[in-house]
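All remarks here apply to the structure that follows.
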Amino acid sequence: MPKKKYQIEFSINASPSLLYNYISNPSGLSEWFAGNVNSRGEKYTFIWDGHEESAFLMKSKQDTYVRFQWEDDEDTKYFYELNIVVDELTNDVSLVITDFAEEDEVEESKELWESQIEDLKKILGSK
């Protein structure tokens, strides 16, 4: 069954460089995305309560975005991307997440992102 691409956007009250550290570095990701994150080169290992999954850092641009692909999705077009967007007029910072999920799991996947981003906001002191 093919996965459906979706995007979800969150306002984040933080500088792009600070936010980038939390979405790109294993230590930053360990604080909100997974219980523990290790990296060896482009391969990141995410650990949740003893469950482990690996992803590859496909692309990144300092203070702008990171794109990962789960090891299980290797050789597919599926990825997840965290993109930092700064409004040119207001300088408001948003985090736009692009991800893929099976059609019947899109809402559940969005809820999971919402929960994780709430954790990120708490760490950043963002409301």
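The values are calculated or read from the model by the stated rules, or taken from the named source; none is laboratory data. No experiment lies behind these values; they were computed from the predicted model shown. Cβ atoms come from the backbone with ideal geometry, glycine included; neighbour counts cover every protein chain shown. Side chains included, ligands, DNA and RNA excluded: accessible areas come from the protein's heavy atoms. Shrake-Rupley method; radii C 1.70, N 1.55, O 1.52, S 1.80 Å.
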Review point. Can you pull out the GluC sites (Glu not before Pro) in the stretch 35-127 that DSSP calls coil and that have at most 10 other Cβ atoms within 10 Å?
Key: 88
**Study point:** Helix 106-124 vs. the chain, principal-axis angle (Cα, 0 to 90°, nearest 10)
**Key:** 40
Exercise for review: Show the residues, 5+ positions off or on another chain, whose built amide H is closer than 5 Å to the amide H of residue 39.
Suggested key: 45
Study note, to complete from the structure: Whole-Hz Karplus couplings 3J(HN,Hα) for the stretch 19-31, θ = phi - 60° and coefficients 6.51, -1.76, 1.60, Gly and Pro as x, run 4, 4, 4, 6, 9, 10, 9, x, 5, x, 5, 5, 7
Exercise for review: Sum -39500 (n - 2.57) across every DSSP H segment of at least 4 residues in the chain, then divide by the residue count to get the 222 nm mean residue ellipticity, nearest 500.
Suggested key: -8500 deg cm²/dmol
Study note, to complete from the structure: From highest to lowest solvent-accessible area (probe 1.4 Å; ligands, DNA and RNA excluded), 6, 78 read 78, 6
Review point. Given the protein chains as shown and a 1.4 Å probe, how many square angstrom of residue 72 are accessible, to the nearest 10?
Key: 130
Practice item. Could you rank 113, 48 by how accessible they are, 1.4 Å probe, largest area first? Key: 48, 113
**Study point:** Unit charges on C-beta of K, R, D, E only; dipole of the chain, Debye
**Key:** 600
Check your understanding: What list of ³J(HN,Hα) couplings, whole Hz, do you get for the stretch 41-51 from phi and the Karplus terms 6.51, -1.76, 1.60, once you set θ to phi - 60° and write x for glycine and proline?
Key -> x, 8, 9, 10, 10, 9, 10, 10, 6, x, 8
Practice item. Report the extension gain between residue 63 and residue 103 in nm, rounded to one decimal, defined as 0.36 nm multiplied by the number of residues separating them, less their alpha carbon distance. Key: 11.3 nm
**Study point:** the stretch 63-105 - percent relative contact order, Cα under 8 Å, separation 6 or more
**Key:** 33
Exercise for review: Sequence neighbours fewer than 8 away in the same chain don't count; with that in mind, list the aspartates and glutamates whose C-alpha is under 19 Å from residue 122.
Suggested key: 9, 31, 92, 111, 114
**Study point:** Relative contact order for the chain, counting Cα pairs under 8 Å that sit 6 or more residues apart, in percent
**Key:** 31
**Study point:** 18 Å Cα-Cα reach of residue 110 towards lysines, excluding residues that sit fewer than 8 places from it in its own chain
**Key:** 3, 4, 5, 121
Revision key, fill the gap. Dimensionless Rg/Rh of the chain, both radii on Cα and Rh by Kirkwood, sits at 0.95
Check your understanding: Straight-line reach from residue 43: which aspartates and glutamates have Cα under 18 Å away, leaving out those fewer than 8 places along the same chain?
Key -> 52, 53, 71, 72, 73, 74, 75, 81
